[in-house]
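Scroll down for the structure; my scribbles are underneath it.
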Amino acid sequence: MFPTPIQKASPFAQTAYKVVLPLALVLWLLPLIGVAITSVRPASDLAAGNYFGIPSGFGGVENYTAVFRDSPIGLYILNSFKVTIPTVIGAVALSCLTGFALAVYKFRANLLLFFMFVAGNFIPFQILMVPVRDMTLKAGLYDTTLGLVLFHVAFQTGFCTLFMRNFIKGLPFALIESARVEGVSEWRIFRYIVLPLMRPAIAALSVLVFTFVWNDYFWATVLVQGQHAMPVTAGLYSLNGQWVAAWHLVSAGSIIAALPPVAMFFLMQKHFIAGLTLGATKG
């Protein structure tokens, strides 16, 4: 069921692993390395067509200073936090409740509801674009932070419920049964018994949802037009000039925009790995 540990594999497999893994890592990091180099490349290099060569000088200080000086990237980052943090709180809170209900209670529509949550994750974004935009226009939520938050909460709750339901399924059900025998209410069972055990899963899920929502570009451009509510992923376009693409500034802005989710992962790394590992090993 589980892959064979590399230490127990054949000598040929171990050698191939040692050769292929660094190559795969380099290939995976190439785009990020290219963006990082372009972010410190002087504008004169790009004007001369030096896109992939060694930079003629170090323009990192000028490029990163220009990002904050010539664009409202600070506002865009603030908007991203205004969208991402409420989405994480809302989606995780709802999925804790729905996951608990689907994992613990037995009723006729249990499996049907679970399939509905799962099926929602397989609907392509492009199919939803027109109806969601029309719905936000009619509801007066178009071009607002609240509209973006509500949509992300609704869409992320399906995946989060799937995650939480499977995690709670692996918890010892005897704890819930013994609490019921003692006359503990269902809400107190959830609040004081199940919820503390879900902390690793909540931490892992929070990191995933934070990354998904922060890096969203599609809905940020579909549901928002004005700078007052535009997240940083869509706002990076403003770093381009009217006639010339300022790729050195766009690259610098991209590096800045990528820092919060990276910091979030490293701050929550211990809980993130514990949550994923615990969820994966439960039967």
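Just to be sure before I move on: is R133 in the same structural domain as A234 (by the TED database), of a type in the set (D, E, K, R) and surrounded by 13 or more Cβ atoms within 10 Å (Cβ to Cβ) in the structure I sent? Before the answer, list the steps.
Numbers: in the same structural domain as A234 (by the TED database): yes; of a type in the set (D, E, K, R): yes; surrounded by 13 or more Cβ atoms within 10 Å (Cβ to Cβ): yes.
Yes: the conditions hold for R133.
Among the residues of region 99-119, not a single one is among the hydroxyl-bearing types (S, T, Y) and crowded, with 17+ Cβ neighbours inside 10 Å.
Listed conditions (1) closer than 30 Å to R165 by Cα; (2) not assigned by the TED database to the domain that holds N215; (3) not acidic (D, E) are all met by P124, apart from (2).
Name the single residue that is most open to solvent (accessible area, probe 1.4 Å) among those in region 74-88 being of a type in the set (A, V, I, L, M, F, W, C) and farther than 16 Å from N215 by Cβ. So, considering only residues that are of a type in the set (A, V, I, L, M, F, W, C) and farther than 16 Å from N215 by Cβ, the one most open to solvent (accessible area, probe 1.4 Å) is L78.
Residues checked against (1) open to solvent by 50 Å² or more (accessible area, probe 1.4 Å); (2) within 21 Å of the chain's Cα centre (by Cα); (3) at pLDDT below 60; (4) not hydrophobic (A, V, I, L, M, F, W, C):
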| residue | (1), (2), (3), (4) |
| --- | --- |
| W243 | yes, no, yes, no |
| I256 | no, yes, no, no |
| M264 | no, yes, no, no |
| I273 | yes, yes, no, no |
| L278 | yes, yes, yes, no |
| K282 | yes, no, yes, yes |
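Anything in region 166-200 that is closer than 24 Å to F212 by Cα and open to solvent by 40 Å² or more (accessible area, probe 1.4 Å)? List them, or say none. Residues satisfying the conditions are N166, L195, R199.
Within region 99-113, restricting attention to residues that are over 18 Å from F190 (Cβ atoms) and assigned to a helix (DSSP H, G or I), the residue that is modelled with the highest pLDDT is L112. Among the residues examined, K18 does not qualify as at pLDDT 90 or above, open to solvent by 90 Å² or more (accessible area, probe 1.4 Å), at negative phi and of a type in the set (K, R). For region 53-78, a tally of residues being part of a helix (DSSP H, G or I), farther than 21 Å from A220 by Cα and without any contact (Cβ under 8 Å) to a residue 24 or more places away in the chain returns 4. The residue that is modelled with the highest pLDDT, among those in region 21-47 that are among the hydroxyl-bearing types (S, T, Y) and in contact with a Gly (Cβ under 9 Å, 6 or more places away or on another chain), is S39. Where helices (runs of 4 or more DSSP H) fall wholly inside region 175-247, the ranges with 2 or more residues that are in contact (Cβ under 8 Å) with a residue 40 or more places away in the chain and in contact with a helix residue (DSSP H, G or I) (Cβ under 9 Å, 6 or more places away or on another chain) are 199-214, 218-222, 232-235. N50 meets each of the listed conditions (1) of a type in the set (S, T, N, Q); (2) outside the structural domain of P260 (by the TED database); (3) in a helix (DSSP H, G or I) apart from (3). On the stretch given as region 163-206, residues that are under 28 Å from P261 (Cβ atoms) and out of contact with any Leu (no Cβ under 9 Å at 6 or more places or on another chain) total 7.
The values are calculated or read from the model by the stated rules, or taken from the named source; none is laboratory data. Keep in mind that this is a model prediction, so the values were computed, not measured. Here the Cβ is made from the backbone with ideal geometry for all residues, glycine too, and neighbour counts use every protein chain on show. Accessible surface is based on the protein model in full, side chains and every heavy atom, while ligands, DNA and RNA are left aside. Shrake-Rupley method; radii C 1.70, N 1.55, O 1.52, S 1.80 Å.
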